[in-house]
1. Among the residues in the range 30-47, are any closer than 14 Å to residue 134 by Cα, modelled with pLDDT under 90 and part of a loop (DSSP other than H, G, I, E, B)?
2. Collect the residues in the range 66-76 that are touching a residue at least 12 places away in the same chain (Cβ under 8 Å) and surrounded by fewer than 17 Cβ atoms within 10 Å (Cβ to Cβ), keeping them in residue-number order.
3. Taking the range 99-121 as the region of interest, how many residues are closer than 15 Å to residue 40 by Cα and in contact with a helix residue (DSSP H, G or I) (Cβ under 6 Å, 6 or more places away or on another chain)?
4. Condition check: in a helix (DSSP H, G or I), under 16 Å from the mean Cα position of the chain (by Cα) and more than 20 Å from residue 37 (Cβ to Cβ). Does residue 105 satisfy that?
5. Could you say which residue among 112, 100 is modelled with pLDDT of 80 or more and buried (at least 16 other Cβ atoms within 10 Å of the Cβ)?
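The values are calculated or read from the model by the stated rules, or taken from the named source; none is laboratory data. It should be emphasised that the depicted structure is a prediction, and the values quoted were computed from it without experimental measurement. Note: ideal-geometry Cβ built from the backbone for every residue, glycine included; neighbour counts use all protein chains shown.
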């Protein structure tokens, strides 16, 4: 019985991956993002998810997510001033390394602290389905 469940779960996962790729969204397993070395993660260009299953509202210091079960907007995350700066830079589709560099230059954070803030926020957002890499980590822009 367990083998049958595994088969159907795996089939559903693969079907989802293929459907996303067929519509132009390369599938990147989120668990693989946390396992990437920093060199590859720094090259990631985050983009906001256009997910038909979740709607988002971005404010100056808050991000809200539509909750279909309660038919209302719920608070997803409050943003600190530093996180708000990162969020605005994500909207410009810059690589994470560039976002961290710009953050360090306009704040009192060191390069390492800025990288830690950007990396942590991106991984949190990606795991929530709020954003994802524009292309697979390690791939050239526009490449396969």
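1. Step one: list which residues in the range 30-47 are closer than 14 Å to residue 134 by Cα, which gives 30, 33, 40-47.
With the extra rule that they be modelled with pLDDT under 90, the set shrinks to 30, 33, 40, 47.
If we keep only those that are part of a loop (DSSP other than H, G, I, E, B) too, we end up with none.
No, every residue in the range 30-47 fails to be closer than 14 Å to residue 134 by Cα, modelled with pLDDT under 90 and part of a loop (DSSP other than H, G, I, E, B).
2. Restricting attention to the range 66-76, the residues satisfying the condition of being touching a residue at least 12 places away in the same chain (Cβ under 8 Å) are 66, 73, 75-76.
Hits for the range 66-76 are 66, 73, 75.
3. 4
4. no
5. Working: 112 fails: buried (at least 16 other Cβ atoms within 10 Å of the Cβ).
Going through 112, 100 in turn, the sole match is 100.
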